[in-house]
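Single-structure report; data block below.
The values are calculated or read from the model by the stated rules, or taken from the named source; none is laboratory data. Since this is a predicted model, take the numbers as computed values, not measurements. Don't worry about glycine lacking a Cβ; one is built from the backbone with ideal geometry, like all the others, and counts go over all protein chains shown. In case anyone asks, the SASA skips ligands and DNA or RNA and just uses the protein heavy atoms, side chains included. Shrake-Rupley method; radii C 1.70, N 1.55, O 1.52, S 1.80 Å.
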Amino acid sequence: MGARAQYVIVENGTWQRHYSHWGANGIINDLLPGPAAATRCFRAGREIDEWLDDVWCEGAALVDHDRRVLLWCASYIDWDEYAAARTVLALTWPGWDVRFAHDGLGDLTHHLGLGRDLSRSPGWFETFVPDRFAYSEDTDPRSVVSLRLPDGGVRAWGSDWEPIGHLAGGSALIDFVAASPGTPVLTDMPEGGVHFDPQTRTVSLWSVGNVAGVHDWPLPGWEGWALDFRGDDHTHQAGLLPADFPFPRAPLTAALRRLGDGMGTPPPDIDALLAPAMAAPGPAGTTPVVNPAALTPHDPATPTPAELAALRTALDALSRPEAQVPSSEPS
């Protein structure tokens with residue numbers, strides 16, 4: 001199956017597409033060292049002249065050097081990993097507008113002025129007739145759903161569905177939500193949330209993952225409703241949740257540590273190590289010899305020692321207790 005990724009590099013008014021069969025698994029690690037390292041890595045992938053589709057593409061990135069914009073997405077990412085990556089990217093991509101591509105490849109093609117449908121077939125967004133609500137009995141649900149009640153109060157539930165899945169059933173889903181039993185208090189941040197307000201006929205949605213189709217509003221079954229899409233900002237829903245069902249607060253220390261573990265140890269600077277040896281005089285009548293294996297050139301698809309060292313410095317600085325921002329707080 002693979003973990004297919006598509007990359008777009010924009011530079012000097014032109015753009016090229018590249019492909020990696022396994023790239024989606026490591027797209028965050030590829031981005032963290034900064035724009036120069038990411039560009040080299042993505043250009044090492046096979047250049048292609050077509051777009052993947054939203055079914056097969058599990059990760060994507062667009063690096064626009066002309067406008068200093070980074071768009072990226074990954075299909076499988078939890079809240080802590082996303083929040084940690086966002087925090088690091090703000091340091092390693094200084095001066096860049098770094099955004100998550102919530103609409104997947106649609107956001108990339110839209111950025112290029114090509115619309116959002118190049119990677120999608122007509123009727124691609126799958127809808128269903130709801131007969132239940134998949135409330136979660138776990139303390140780490142995939143989503144949180146909240147509902148404004150007729151008396152003005154708000155109830156909330158954990159859900160096993162991804163955030164965009166709650167919109168695929170249309171407004172008829174709300175009756176099943178309202179009839180659901182209570183669910184446990186959260187111990188982990190969800191990947192997204194949905195708030196329904198029948199009085200104002202408004203749906204509010206946030207997510208740290210892919211919500212492809214969200215810009216095609218109104219989706220079937222939501223005619224006459226407004227969509228309040230908040231990107232990755234959960235704070236609006238946080239302010240609506242009842243006091244006995246809050247979003248949890250947890251530092252990003254563990255997630256930052258995992259990112260650092262995934263980067264490994266920067267390799268030594270070979271030139272700096274060899275220079276003293278080459279400069280040292282040999283015995284009379286001899287010539288200094290250097291092991292050719294020590295001169296293995298740097299793989300341009302990987303970060304340089306300097307780039308890895310700078311990333312490590314950023315991770316270490318963010319991991320200090322005084323630098324910590326709780327993962328359920330806005331950055």
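Among the candidates 54, 107, 103, which residue alone is of a type outside the set (A, V, I, L, M, F, W, C) and touching a Cys at 6+ places or on another chain (Cβ under 8 Å)?
Every option except 107 fails the conditions.
Can you give me the ranges of the strands (runs of 3 or more DSSP E) entirely in the range 1-97 with at least 2 residues that are among the β-branched types (Val, Ile, Thr) and modelled with pLDDT of 95 or more?
5-11
Quick test for you: out of 63, 88, pick the one residue that is buried (at least 20 other Cβ atoms within 10 Å of the Cβ), closer than 14 Å to residue 7 by Cα, within 16 Å of the chain's Cα centre (by Cα) and β-branched (Val, Ile, Thr).
Just one listed residue meets the conditions, 63.
For residues in the range 106-142 being touching a strand residue (DSSP E or B) at 6+ places or on another chain (Cβ under 6 Å) and either touching a residue at least 60 places away in the same chain (Cβ under 8 Å) or among the aromatic types (Phe, Trp, Tyr) (or both), which is nearest to residue 246 (Cα to Cα)?
Filtering first and then ranking leaves 135.
Quick check on this structure: which one of 22, 79, 56 is within 25 Å of residue 191 (Cα to Cα), touching a strand residue (DSSP E or B) at 6+ places or on another chain (Cβ under 9 Å) and surrounded by fewer than 22 Cβ atoms within 10 Å (Cβ to Cβ)?
Being within 25 Å of residue 191 (Cα to Cα), touching a strand residue (DSSP E or B) at 6+ places or on another chain (Cβ under 9 Å) and surrounded by fewer than 22 Cβ atoms within 10 Å (Cβ to Cβ) holds for just one of 22, 79, 56, which is 22.
Could you tell me which numbered condition residue 158 fails, if it satisfies all but one of (1) in contact with a Pro (Cβ under 8 Å, 6 or more places away or on another chain); (2) open to solvent by 10 Å² or more (accessible area, probe 1.4 Å); (3) not in a loop (DSSP other than H, G, I, E, B)?
(2)
When you scan the range 1-34, how many residues do you find that are closer than 22 Å to residue 84 by Cβ and among the aliphatic types (A, V, I, L, M)?
The qualifying residues number 7.
Could you list, in sequence order, the residues of the range 205-245 that are modelled with pLDDT under 95 and either in contact with a Cys (Cβ under 7 Å, 6 or more places away or on another chain) or of a type in the set (D, E, K, R) (or both)?
Matches in the range 205-245: 210, 216.
Taking the conditions exactly as written (closer than 12 Å to residue 156 by Cα, at pLDDT 95 or above and open to solvent by less than 50 Å² (accessible area, probe 1.4 Å)), does residue 180 satisfy them or not?
Criteria met by residue 180.
Residue 108 fails exactly one of the following numbered conditions: (1) over 26 Å from residue 254 (Cβ atoms); (2) assigned to a loop (DSSP other than H, G, I, E, B); (3) hydrophobic (A, V, I, L, M, F, W, C). What is the number of that condition?
The single condition residue 108 does not satisfy is (2).
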